[in-house]
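Data block below; observations after.
The values are calculated or read from the model by the stated rules, or taken from the named source; none is laboratory data. Keep in mind that what you see is a predicted model, and the values were worked out from it rather than measured. Here the Cβ is made from the backbone with ideal geometry for all residues, glycine too, and neighbour counts use every protein chain on show.
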Amino acid sequence: ILSSFEDISHESIRKWYHQVDTIFTVGKTYRENIAVDETKIKINGKLHIVWAAIDTSNWEILGV
């Protein structure tokens, strides 16, 4: 699956994110519990770490 992403630079991902960031924007609200998940992936032999913050009451993605 990741082989299709090997030619994508971090700058391309940053530009894409800023084009669609309103989709991921969550308004400020009180949250009881938040889970933060860390995933490590290797692309072209280089280790990358991806973080995701999730509201545990409704599984809403708060940030990546």
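Structural remarks
- Scanning the range 27-54 for residues that are farther than 15 Å from Val64 by Cβ and at pLDDT 80 or above turns up Tyr30, Arg31, Glu32, Asn33, Lys42, Ile43, Asn44, Gly45, Lys46, Leu47.
- Number of residues in the range 55-64 that are surrounded by 10 or more Cβ atoms within 10 Å (Cβ to Cβ) and at pLDDT 85 or above: the value is 3.
- The range 16-26, subset modelled with pLDDT of 75 or more and surrounded by 10 or more Cβ atoms within 10 Å (Cβ to Cβ), residue nearest to Val50 (Cα to Cα): Tyr17
- Annotation note: Cβ proximity below 9 Å between a residue of the range 36-57 that is within 17 Å of Ile13 (Cβ to Cβ) and a residue that is basic (Lys, Arg) (sequence gap 6+ or interchain) occurs for Leu47/Lys40; His48/Lys40; His48/Lys42; Ile49/Lys40; Val50/Lys40.
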